[in-house]
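J.: Take this structure first; my questions come after.
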Amino acid sequence: QVQLVESGGGLVQSGGSLRLSCATSGSIRGIYTMGWYRQAPGKQRELVATITSISTTNYADSVKGRFTISRDNAKNTMYLQMNSLKPEDTAIYYCNVRQLTGNYWGEGTLVTVSS
């Protein structure tokens, strides 16, 4: 089993920055993809960014150049650095791990960007 706990959300003004963290525990090994997804009110959950076990990254077009995904294997933690935030980035942000043993989600952390 894999457990994921997000933190770092909050209220920020437009143009500001936040860094989200996803602390992981359990067995993450082999070939896997870790990622951040978000769900805004009344909308479907969408991909924000992913990073694979070989550190290949992928970003949604809406966040390219503003967000950076990374991970620290020694700390078992994944990060999402969010810069130049916009009101449309307001959403609950979820941490995700996909590997052969399953697809795991955290509970989410709320990010609110005021205009």
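J.: Given the structure, is Ser14 over 19 Å from Leu100 (Cα atoms), touching a helix residue (DSSP H, G or I) at 6+ places or on another chain (Cβ under 7 Å) and not acidic (Asp, Glu)?
T.: Criteria met by Ser14.
J.: Give the residue that is nearest to Glu107 (Cα to Cα), with candidates limited to residues of segment 30-60 that are surrounded by 15 or more Cβ atoms within 10 Å (Cβ to Cβ) and among the charged types (D, E, K, R).
T.: Arg38
J.: In addition: Select, from Ser62, Ser17, Ser21, the only residue that is more than 23 Å from Ser115 (Cβ to Cβ) and among the small types (Gly, Ala, Ser).
T.: Being more than 23 Å from Ser115 (Cβ to Cβ) and among the small types (Gly, Ala, Ser) holds for just one of Ser62, Ser17, Ser21, which is Ser21.
J.: Please go through segment 84-93 and pick out each residue that is touching a strand residue (DSSP E or B) at 6+ places or on another chain (Cβ under 7 Å) and open to solvent by 30 Å² or more (accessible area, probe 1.4 Å).
T.: Once the filter is applied, which keeps residues that are touching a strand residue (DSSP E or B) at 6+ places or on another chain (Cβ under 7 Å) and open to solvent by 30 Å² or more (accessible area, probe 1.4 Å), segment 84-93 yields Lys86, Pro87, Thr90, Ile92.
J.: It is to be established whether one or more residues within segment 69-81 are open to solvent by less than 20 Å² (accessible area, probe 1.4 Å) and among the charged types (D, E, K, R).
T.: No, because not a single residue in segment 69-81 is open to solvent by less than 20 Å² (accessible area, probe 1.4 Å) and among the charged types (D, E, K, R).
J.: Being of a type outside the set (A, V, I, L, M, F, W, C) and under 14 Å from Leu18 (Cβ atoms): is that true of Tyr79 here?
T.: The answer is yes for Tyr79.
J.: Of the residues Val97, Val111, Val63, which single one is touching a Leu at 6+ places or on another chain (Cβ under 7 Å), surrounded by 20 or more Cβ atoms within 10 Å (Cβ to Cβ) and within 20 Å of Ser14 (Cα to Cα)?
T.: From the options Val97, Val111, Val63, the qualifying one is Val111.
J.: Moving on. Kindly indicate whether Ser27 is at pLDDT below 95, farther than 19 Å from Gln1 by Cα and open to solvent by 30 Å² or more (accessible area, probe 1.4 Å).
T.: Against the criterion (at pLDDT below 95, farther than 19 Å from Gln1 by Cα and open to solvent by 30 Å² or more (accessible area, probe 1.4 Å)), Ser27 does not qualify.
The values are calculated or read from the model by the stated rules, or taken from the named source; none is laboratory data. Source: prediction; values computed, not measured. Using ideal geometry, Cβ is built from the backbone for each residue, glycine included, and neighbour counts are taken over all protein chains shown. Just the protein is used for accessible areas: all its heavy atoms, side chains included, with ligands, DNA and RNA removed. Shrake-Rupley method; radii C 1.70, N 1.55, O 1.52, S 1.80 Å.
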